[in-house]
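Note sheet for the following structure.
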Amino acid sequence: MNSAATHAGNEMRTGYLFVVENLSTREVMGICGVSDAQRGSVGAKLGWHFGEQFSRQGYATEAARAVMGFAFENCHVQRVIGDCFSNNHATRRVFAKLSMHRSRFGQVFDWLLSLRYRELRSIVRYSIQRARWESSGDNTTGADGGIADTAASAGISHSNRPPESTDV
Ligand SMILES: CC(C)(COP(=O)(O)OP(=O)(O)OC[C@H]1O[C@@H](n2cnc3c(N)ncnc32)[C@H](O)[C@@H]1OP(=O)(O)O)[C@@H](O)C(=O)NCCC(=O)NCCS
């Protein structure tokens, strides 16, 4: 967080990492971010990490939905993507709840992704185009991308590297 905060003032930033906290208790539950989020980007990458004790309560979905809205509305990206290990069923479920779809290139693409990440396990990619997002019903985040109205409200920071959670 300190590292990200250090870069937050960078006007050329293309990555945003948000702290997700409980608005009542101010407890930090996790992080959610997007990288490569510049105008026209077709590879703005979503990622997250949440504490186990906060799982299965919809927080990842809520935060990711807000960050996705931020990427489309505030950063003007054309496509949002997300990668995870193929056996990360919780994350895959979150991608699905966000109306994201698997790459149509199938398993060959999965293994190419694994090579790119230098991993021996299969990695899957999900994505959503702006047009689909606009018609998905998730396009209800408001002018600030919904960040201020959600559990992701304590958003702070920046990194030119992808958020760690983006990388499986
Ligand atoms: C994966 C993670 C983000 C999920 O967070 P979360 O707050 O529990 O997510 P949500 O509650 O919004 O949604 C999780 C969904 O996955 C489902 N799920 C959870 N575990 C599952 C499993 N093992 N198999 C299938 N579905 C599962 C939940 O039931 C829920 O779906 P539902 O709403 O239809 O019931 C969180 O556990 C985490 O940060 N894990 C470690 C880091 C990580 O994997 N990061 C992602 C790398 S890209």
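Here are some notes:
- Spacing of the modelled spin labels on LEU23 and THR6, each 7 Å from Cα toward Cβ, amounts to 3.3 nm.
- Cβ-defined net charge surrounding VAL108, 15 Å radius [Lys, Arg +1; Asp, Glu -1]: +3
- Here segment 49-85 is scanned for amide nitrogen atoms under 12 Å from the site 7 Å beyond the Cα of TYR117 along Cα-to-Cβ, giving 82-85.
- Sorted by Cβ neighbour density within 10 Å, fewest at the top, the residues HIS89, HIS7: HIS89, HIS7
- Alpha carbon convex hull of segment 16-107, projected area averaged over orientations, nm²: 6.3 nm²
- Neighbourhood net charge (10 Å Cβ-Cβ; Lys/Arg +1, Asp/Glu -1) for ASP138: +2
Read-outs throughout are calculated quantities, based only on the coordinates presented, and are distinct from any laboratory measurement. Everything numeric here is computed off the predicted structure, so don't read it as measured data. Cβ: placed from backbone, ideal geometry, glycine included. Neighbour counts: every protein chain shown.
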